[in-house]
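Working notes, structure below.
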Amino acid sequence: MEALQQGLRDLGYVEGKNIVIEYRGAEGKTDRIPALVAQLIAFPVDLIGPILPAVVAAKQSNKATPVVMVTSIDPVASKLVDNLARPGGNVTGISTLAQDLNGKRMELLAEVVPRLRRVGILRDVESQNSLIQFKDYEAKARVLKIELQSLDVHWRNPISRAQF
């Protein structure tokens with residue numbers, strides 16, 4: 001947040017003087033996200049800059065307030081926008097399209113461990129992003145003839161809840 005605030009100051013925006021930022025956090029409880037988004041829309045705010053789980057809630061709960069996202073997944077494949085050139089609706093933003101790297105990561109792992117035959121990946125069962133990323137790994141694992149096992153977790157406490 002400090003980097004955001006500094007960037008805004010560099011552009012002449014000072015929090016509390018000529019810009020107000022309303023922060024909300026679900027504290028790991030994704031079921032709280034729709035209510036938090038509704039609070040922001042009720043203010044009303046000029047823009048919502050949510051993390052990925054809240055993008056869906058913001059998109060579904062209003063059609064007027066701009067939703068600006070920063071994501072590492074494909075926003076088209078995850079149905080956040082219609083297409084990259086013309087997102088449609090009120091959702092826009094940037095994507096690093098990092099999922100293209102998931103297959104490369106699997107290739108590098110196979111290169112480093114030549115006899116690699118089985119890989120386990122922790123996957124947050126509550127995250128659409130995690131499901132999409134797992135599919136990327138799965139596709140490359142098939143090509144490399146590597147067995148891929150999903151170790152399903154709940155992100156709030158991933159290691160203690162992994163279902164092996």
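The values are calculated or read from the model by the stated rules, or taken from the named source; none is laboratory data. All values reported here derive from a predicted model rather than from experimental measurement. Using ideal geometry, Cβ is built from the backbone for each residue, glycine included, and neighbour counts are taken over all protein chains shown.
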| request: Sort out which residues of the range 33-70 are in contact with a Gly (Cβ under 9 Å, 6 or more places away or on another chain) and part of a helix (DSSP H, G or I), and write them in order of number. | output: LEU36, VAL55, LYS59
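Of SER72, SER95, SER160, which residue is among the hydroxyl-bearing types (Ser, Thr, Tyr) and either at pLDDT 90 or above or loosely packed, with under 13 Cβ neighbours inside 10 Å (or both)? Give the derivation first.
Values: SER72 fails: either at pLDDT 90 or above or loosely packed, with under 13 Cβ neighbours inside 10 Å (or both); SER95 fails: either at pLDDT 90 or above or loosely packed, with under 13 Cβ neighbours inside 10 Å (or both).
Unique residue meeting the criteria: SER160.
Scan the range 73-110 residue by residue and report those that are assigned to a helix (DSSP H, G or I) and within 19 Å of the chain's Cα centre (by Cα). I'd like the intermediate steps shown before the answer.
Taking the range 73-110 and keeping what is assigned to a helix (DSSP H, G or I), we get 99-110.
Once the filter is applied, which keeps residues that are assigned to a helix (DSSP H, G or I) and within 19 Å of the chain's Cα centre (by Cα), the range 73-110 yields GLN99, ASP100, LEU101, ASN102, GLY103, ARG105.
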| request: Could you tell me whether the range 103-117 includes any residue that is aliphatic (A, V, I, L, M) and either under 21 Å from ILE51 (Cβ atoms) or modelled with pLDDT under 85 (or both)? | output: no
| task | Considering each residue of the range 68-89, count those that are closer than 18 Å to ASN129 by Cα and in contact (Cβ under 8 Å) with a residue 24 or more places away in the chain, and give that number. | result | 10
| task | Identify, from the list PRO44, PRO53, the residue that is within 16 Å of the chain's Cα centre (by Cα) and not assigned by TED's automatic domain parsing to the domain that holds VAL143. | result | PRO53
| query | Which residue pairs have Cβ atoms closer than 7 Å, lie 6 or more positions apart in sequence or on different chains, and pair a first residue in the range 113-127 that is within 18 Å of GLY103 (Cβ to Cβ) and among the small types (Gly, Ala, Ser) with a second residue that is surrounded by fewer than 16 Cβ atoms within 10 Å (Cβ to Cβ) and modelled with pLDDT under 95? | reply | GLY120/GLN149; GLY120/LEU151
| note | Exception for GLY25 within (1) touching a Gly at 6+ places or on another chain (Cβ under 6 Å); (2) surrounded by fewer than 17 Cβ atoms within 10 Å (Cβ to Cβ) falls at (1)
| request: Among the numbered conditions (1) in contact with a Phe, Trp or Tyr (Cβ under 9 Å, 6 or more places away or on another chain); (2) under 29 Å from HIS154 (Cα atoms), tell me where ILE19 comes up short. | output: (2)
